[in-house]
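The next block holds one structure in the form of C-alpha cells; read it before the comments.
The values are calculated or read from the model by the stated rules, or taken from the named source; none is laboratory data. Treat the numbers as computed from the prediction; the structure is a model and nothing was measured. Cβ coordinates were reconstructed from backbone atoms using ideal geometry, including for glycine residues, and neighbour counts include every protein chain displayed.
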Amino acid sequence: MLFGLLTVSQWKKYLTTMQITQFIIDIFVVYFGTSQHFFFRHGINLPWVRDCAGAESAALFGCALLTSYLFLFIAFYKKTYKAGAAKKAAAKKTNVSGSRNDRGAIS
C-alpha cells in the first residue's frame, strides 16, 4: 500500500537509501569478522575473539568491495537526489525573482 502512494522518484530514493543502509550493516559485520580473524591470528587475547573461517584475501577483498559500493551508492544518491533538489530550488528562485518573456529570458 505504501508503494502505491509514492511517486516514481520517491520509491527510487527510498530504495537507494535502504541499499546504503544495507551496505553500512554489511560493512559492520564484515569488518567485525575480519578484525576477529586478525586479532586471533596475531595473538590479541580478548574474551570475545574467535577465529573465523575463510581466506584472509577474501576478507580483505570483501571489505574493499563493500566499502567501494557504499561510496558509489552515496555518490549516486548525492548526484541524483541532492543535486536534483538544488536545481529545482534554483529554478523556483528564478521563477519567483523574475518573470520570463516568450523567449525564455528573464526580464
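Any residue in the range 44-57 that is without any contact (Cβ under 8 Å) to a residue 40 or more places away in the chain and exposed (fewer than 10 other Cβ atoms within 10 Å of the Cβ) sitting within a Cβ distance under 6 Å of a residue that is part of a loop (DSSP other than H, G, I, E, B) and not charged (D, E, K, R)? List the pairs, counting only those 6 or more apart or interchain.
Pairs that qualify, where the first residue is without any contact (Cβ under 8 Å) to a residue 40 or more places away in the chain and exposed (fewer than 10 other Cβ atoms within 10 Å of the Cβ) and the partner is part of a loop (DSSP other than H, G, I, E, B) and not charged (D, E, K, R): there are none.
So residue 15 clears everything in (1) farther than 24 Å from residue 64 by Cα; (2) modelled with pLDDT of 90 or more except one condition, right? Which one?
Every condition holds for residue 15 apart from (1).
For the range 20-59, what are the residues that are over 17 Å from the mean Cα position of the chain (by Cα), part of a helix (DSSP H, G or I) and β-branched (Val, Ile, Thr)?
34
What's the number of the condition residue 59 fails, among (1) of a type in the set (Gly, Ala, Ser); (2) in contact with a Phe, Trp or Tyr (Cβ under 9 Å, 6 or more places away or on another chain); (3) modelled with pLDDT of 90 or more?
(3)
Of all residues in the range 24-66, how many are β-branched (Val, Ile, Thr) and on the phi > 0 side of the Ramachandran plot?
The first filter runs over the range 24-66 and keeps only residues β-branched (Val, Ile, Thr), leaving 24-25, 27, 29-30, 34, 44, 49.
Those still in the list that are on the phi > 0 side of the Ramachandran plot too: none.
Residues in the range 24-66 being β-branched (Val, Ile, Thr) and on the phi > 0 side of the Ramachandran plot: 0 in total.
Condition check ((1) part of a helix (DSSP H, G or I); (2) modelled with pLDDT under 75) across all residues:
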| site | (1), (2) |
| --- | --- |
| 72 | yes, no |
| 81 | yes, no |
| 85 | yes, yes |
| 102 | no, yes |
